[in-house]
Amino acid sequence: MKILITYASAGAGHRRSAEAIYDYLGANRKDLKTELADILSFVGPFFRFCYDSGYPFLIHRAVWLWGFFFWITQLRLTRWISRKGASFVNYFSCRKYVEYLKNEDFDYIISTHFLASELAAGLKSKNKIKAKLITVITDFGVHPFWISAGTDLYIAASGLTKDKLLDLGAGEEKIGVFGIPFNPKFSKHHDRALLADKLGIDGKKFTVLLITGSFGSGPLEEIAKRLCGFAQVLVVCAKNNSLFRRLTRRNLVNVKVFGFVNNAEELMAVSDIIITKPGGLSITELLNMGLFPVFVAAIPGQEQENMKLLAAYGVGFTPRNISQIKDFVMELRDNPHKLEGLKKNIIQVARPDACRELADVIR
């Protein structure tokens, strides 16, 4: 059986989830022939530039404009116009990908990005391909662009995500609440004391992890300065080199500074709480590590939707300012029973077997 796992490299979460599925199937389903493909590797330079550079530019320089685009494309009154226009552009910009799907004749297509799902669903509706199409929603909220006639199964992050899909017209029989597939290293048991020694920190101190994705965005420096007097703080600057240099020069007490890391699971394992952006896969990883999140620097649109849905489960704290972050962290440090109570809310949302459940539907 021939399986394609496809994603768009605009946004690390889509890629990481696709890689998790690919690795799981490769290790556990030897009967399958699997391929992993980035849809943006099939498109022209201008279309790829729009995805690779347009999104980062908007969220850093014109976040209000991104929020407007997200809002206008999900309104019922304008949805059909924006969807038709986007579909037209997508089809003609991704013709090499369309030909790839037709020529390879896959039995299953597993997509972690709405663009790849839309193109495959369009081919199915015209009987150009016979593959079963599985769309993995990589957020807890759902934008209408994720819905495409011809999709055989939607993978939802939570029960409330399923409700959103039903509201948008997806049939109940086509929805599986499996969770977002993630790398299994985020569900392994870790020895905190050994990891603390490895990282050069005090494993007995109350520890706060600051990590906001590959861009290192948000008020990380100010938060670190406010928290370092009463907690151990781990700051991941990622690709934000100027932030890394500033924090390194400051040499704040109780603050350990990291650049781009590949061991986020180890940093989570030695932390008591996490301050982060509410991206879909980031949330999935921290939930399966049992960390209660404080959300900052949320992008209008999908990340704000993620926060709303998690709040309904009692998961996540959204401060109005940095003073509230400090007060909240101090309260949890001084009241470990409250922190344990908050962590219990995580259990109803965390879904550690997402990859296995997805693999089970491929027969």
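The values are calculated or read from the model by the stated rules, or taken from the named source; none is laboratory data. Since we're looking at a predicted model, the values are computed, not measured. A quick note on method: Cβ atoms are made from the backbone with ideal geometry, for glycine too, and the neighbour counts reach across all protein chains shown.
Can you pull out every residue in the stretch 124-144 that is surrounded by 20 or more Cβ atoms within 10 Å (Cβ to Cβ) and within 21 Å of the chain's Cα centre (by Cα)? Selection gives Leu133, Ile134, Thr135, Val136, Ile137, Thr138, Asp139, Phe140, Gly141, Val142.
In the stretch 29-57, which residues are over 20 Å from Tyr7 (Cβ atoms) and part of a helix (DSSP H, G or I)? Matches in the stretch 29-57: Phe46, Phe57. The condition of being farther than 21 Å from Met289 by Cβ, assigned by TED's automatic domain parsing to the domain that holds Gly290 and out of contact with any strand residue (DSSP E or B) (no Cβ under 7 Å at 6 or more places or on another chain) holds for only one of Phe244, Phe260, Phe230, that being Phe230. A Cβ distance below 6 Å, combined with a sequence gap of six or more or placement on separate chains, defines the contacts here; from the stretch 306-327, residues that are farther than 23 Å from Thr138 by Cβ reach residues that are basic (Lys, Arg) in the pairs Ile322/Arg226; Lys326/Arg226. Residue count for the stretch 174-189, restricted to those that are part of a helix (DSSP H, G or I) and among the small types (Gly, Ala, Ser): 0.
No other residue among Ile175, Ile81 is in contact with a Leu (Cβ under 6 Å, 6 or more places away or on another chain) and either over 25 Å from Ala37 (Cβ atoms) or buried (at least 18 other Cβ atoms within 10 Å of the Cβ) (or both) apart from Ile175.
Of the residues contained in the stretch 157-173, one or more are found to be in contact with a Ser or Thr (Cβ under 8 Å, 6 or more places away or on another chain), closer than 20 Å to Thr284 by Cα and not in a helix (DSSP H, G or I).
Which residue is surrounded by the most Cβ atoms within 10 Å (Cβ to Cβ), if the candidates are limited to the stretch 233-261 and must be among the small types (Gly, Ala, Ser) and at negative phi?
Here the answer is Gly259.
Taking Asp152, is it surrounded by fewer than 17 Cβ atoms within 10 Å (Cβ to Cβ) and either outside the structural domain of Leu286 (by TED's automatic domain parsing) or touching a residue at least 12 places away in the same chain (Cβ under 8 Å) (or both)? For Asp152, the condition - surrounded by fewer than 17 Cβ atoms within 10 Å (Cβ to Cβ) and either outside the structural domain of Leu286 (by TED's automatic domain parsing) or touching a residue at least 12 places away in the same chain (Cβ under 8 Å) (or both) - is met.
Of the residues Ala116, Ala121, Ala86, which is touching a Ser or Thr at 6+ places or on another chain (Cβ under 9 Å), outside any strand (DSSP E or B), outside the structural domain of Lys308 (by TED's automatic domain parsing) and surrounded by fewer than 19 Cβ atoms within 10 Å (Cβ to Cβ)?
Ala86
Taking the stretch 205-222 as the region of interest, how many residues are in a helix (DSSP H, G or I) and crowded, with 23+ Cβ neighbours inside 10 Å? So the answer is 1. Count of the stretch 124-141 residues, restricted to those that are in contact with a Gly (Cβ under 9 Å, 6 or more places away or on another chain), hydroxyl-bearing (Ser, Thr, Tyr) and not in a loop (DSSP other than H, G, I, E, B), is 1.
Here is a list: Arg79, Arg61. Which entry is touching a Ser or Thr at 6+ places or on another chain (Cβ under 8 Å) and either within 21 Å of Glu303 (Cα to Cα) or not aliphatic (A, V, I, L, M) (or both)?
Arg79
Go through Ile201, Ile180 for me and flag whichever is surrounded by 21 or more Cβ atoms within 10 Å (Cβ to Cβ) and of a type in the set (A, V, I, L, M, F, W, C). Selected residue: Ile180, the only one of Ile201, Ile180 that is surrounded by 21 or more Cβ atoms within 10 Å (Cβ to Cβ) and of a type in the set (A, V, I, L, M, F, W, C). Considering each residue of the stretch 94-109 in turn, at least one proves to be crowded, with 19+ Cβ neighbours inside 10 Å, β-branched (Val, Ile, Thr) and part of a helix (DSSP H, G or I).
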